[in-house]
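Notes to accompany the following structure.
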Amino acid sequence: MNDNLAGKMKSSLLWNLIQRLKNNQLVVVYAVLFALLLIAQAFSPGYLQLNHLAGILRLSSFVGIAAIGQNLAILTGGIDLSIANVITFANVISAQVMMGKDENIPLALLIVLAMGFLVGLVNGLGVRLLKIPPFIMTLGTGTVVQGIFLIYTKGAPKGNAAPLLKSICGRSLFGIVSGIVIIWIVLALCVWLLQRKTIFGWNIYSIGTNAEASRFSGINVGKTIIAVYILSGMISALAGFFLVGYTGTSFLNIGNSYNTKTIAAVIIGGTAITGGSGSYLGTVAGAVVMTVLEDFLTILNFPEAVRQISQGLIILLLVLLYNREKQSR
């Protein structure tokens, strides 16, 4: 009798644990990533070899870094569509300033961060003071940035990456982890601390949940939103700077896909598109999922159209799953 009761209690506890895990979006996205890796290994033996996984992480790091700003913007209930063109502008500036010399790295980094700061400031002021919707404001700012870098380069970007930056972004330490992945890990830890352990991070969640209530509770909504877009601009510029080290030179289309990639990484990672819930830890997994999916479909020789459709379907399925979980709570 007692054994039967104990068995029922254990089963009940196990069932409750399973339900909690199932309703945890972080668990869901990491489970999706794990399943995707197993499928890739099944269809392409050797996919999970360390050197290939190192390459996947290296590619994911650029998306993941750029998605930091997108994650923060979406958490406030906004969005940043200037990321793609900020990345490209930072990319061409970095290459042209460095000109293949290590001693020019600090100057290149300072210039691109200043550019990102300025773009982010304009976005933040437009969203908060002029009351322009984030979608429109950041799209317009991004278009202006695109025009500026086309004038700056005259359609033909010049310059190349410094050897030190190439080593950081392109080579693996001990054949496993590259310098850019280590930088991403450090940045991810910083963002986690910011979101979970600082007043600024808590304010971001509060604003995303209810901006008006946040204002009445004493939060400076305007300063917080402006700060978020400044951070997004600077981090996007940083991603463009690092991309020079990976490619060795600059390209006028290098940032084109990053609006879609960063938004997808954030949504796949479980951050609500309406703001107020989610975390960057989920976005980390979302960035890797996007990279693995694109890489796996490329290995299978699927055309670009099929790869885009597959990425879109995964985003839609996860959004439906997350919404269903919320409604069932």
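Read-outs throughout are calculated quantities, based only on the coordinates presented, and are distinct from any laboratory measurement. What you see is a predicted model, and the numbers here were worked out from it, not measured in a lab. As a convention, Cβ positions derive from the backbone with ideal geometry for all residues, glycine included, and neighbour counts pool all protein chains shown.
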What's the tally of Lys pairs in the chain whose alpha-carbon atoms lie under 18 angstrom apart, where the two lysines are 8 or more places apart or on different chains? 5
Packing-based order for 108-114, 153-159, using average beta carbon neighbours within 10 Å, highest first: 108-114, 153-159
For the chain, what is the mean residue ellipticity at 222 nm derived from helices alone (per DSSP H run of n ≥ 4: -39500 (n - 2.57); sum divided by total residues; nearest 500 deg cm²/dmol)? -26000 deg cm²/dmol
Among 181-187, 36-42, 301-307, 25-31, the order from most to least packed when residues are scored by Cβ within 10 Å on average: 25-31, 181-187, 36-42, 301-307
Please report, in Å, the Rg and the Dmax of the chain, where both are computed over Cα atoms only. 21.2, 83
Convert each backbone phi in the stretch 128-133 into a coupling constant with the Karplus relation 6.51 cos²θ - 1.76 cosθ + 1.60 (shift: θ = phi - 60°), then list the ³J(HN,Hα) values in order as whole Hz, x for Gly and Pro. 8, 7, 8, 6, 7, x
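At a 10 angstrom cut-off on C-beta neighbours, averaged per residue, how do the peptides 252-261, 212-221 rank from highest to lowest?
So the peptides 252-261, 212-221, ranked by packing, come out 252-261, 212-221.
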Using only Cα atoms, tell me the angle between helix 134-153 and the longest principal axis of the chain; keep it within 0 to 90° and round to the nearest 10. 30 degrees
Simple SL model, points at 7 angstrom along Cα→Cβ for residue 215 and residue 101; separation in nm is 5.1 nm
I'd like the Karplus ³J(HN,Hα) series for the stretch 181-197: coefficients 6.51, -1.76, 1.60, θ = phi - 60°, whole numbers in Hz, and an x wherever there's a Gly or Pro. 5, 4, 4, 4, 4, 4, 5, 4, 5, 4, 5, 4, 5, 4, 6, 9, 10
Per-residue Cβ contact counts at 10 Å, fewest first, order 246, 229, 152 as 152, 246, 229
What is the Cα centroid distance between the stretch 31-72 and the stretch 118-157, reported in whole angstrom? 31 Å
So the angle from the long Cα axis of helix 258-268 to the longest Cα principal axis of the chain, reported in degrees to the nearest 10, equals 10 degrees
